[in-house]
Structures are given as structure tokens and as C-alpha cells.
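Visitor: First, the structure itself, so that you have it in front of you.
The values are calculated or read from the model by the stated rules, or taken from the named source; none is laboratory data. These figures come from a predicted structure and were not determined experimentally. Because the Cβ atoms are built from the backbone with ideal geometry, glycine has one as well, and the counts that use them run over all protein chains shown. Side chains included, ligands, DNA and RNA excluded: accessible areas come from the protein's heavy atoms. Shrake-Rupley method; radii C 1.70, N 1.55, O 1.52, S 1.80 Å.
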Amino acid sequence: MELIVSDDDSTVGYLYLGGEGISTRAQKNARSVRLRSLIPEYKGADVIMDFDKNNTLTGIEILE
């Protein structure tokens, strides 16, 4: 796992998730899902989950 905070904006972070056979930053994301699309009443930071072609969670972007 690797947490990166944007050099340009300290309110943006990305958590790269590792795992067997997953290269942290090199993987290709097949789709992204906003937490608010799953939980409409969610009121926190904007959270976007990235998935690869095998539907494995590869990273989480957090926007304050």
C-alpha cells in the first residue's frame, strides 16, 4: 500500500492498494465508483474507488 498526497492540493490523496500480482501505480483501472453512488445519504469527503478489469479494488481517491 502507498498513500500519495497531491503536491498541488493537500486536500487530495490517493491510496494505491497492493496485492499479489498488482503493481501499485502501473495497473490500469477499468472503472471507478463514487461512494455517494452506493450510499446516497453519505455526507463525508468525496471518495472514488478504482477497480481493475478483474473487479479488484486497486485504489481509493479521497477529495476533501
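Visitor: Out of ILE48, ILE22, which single residue is at pLDDT 95 or above and open to solvent by less than 80 Å² (accessible area, probe 1.4 Å)? First the steps, then the outcome.
Guide: Values: ILE22 fails: at pLDDT 95 or above.
The match here is ILE48.
Visitor: Kindly indicate the residue of the range 53-64 that is crowded, with 16+ Cβ neighbours inside 10 Å and either farther than 26 Å from ASP8 by Cβ or not small (Gly, Ala, Ser) (or both) and also modelled with the lowest pLDDT among those meeting that condition.
Guide: Restricting attention to the range 53-64, the residues satisfying the condition of being crowded, with 16+ Cβ neighbours inside 10 Å are 58-62.
Then drop every residue that is not either farther than 26 Å from ASP8 by Cβ or not small (Gly, Ala, Ser) (or both), which leaves 58, 60-62.
Working: THR58: 91, ILE60: 95, GLU61: 95, ILE62: 95.
Among them, the one singled out is THR58.
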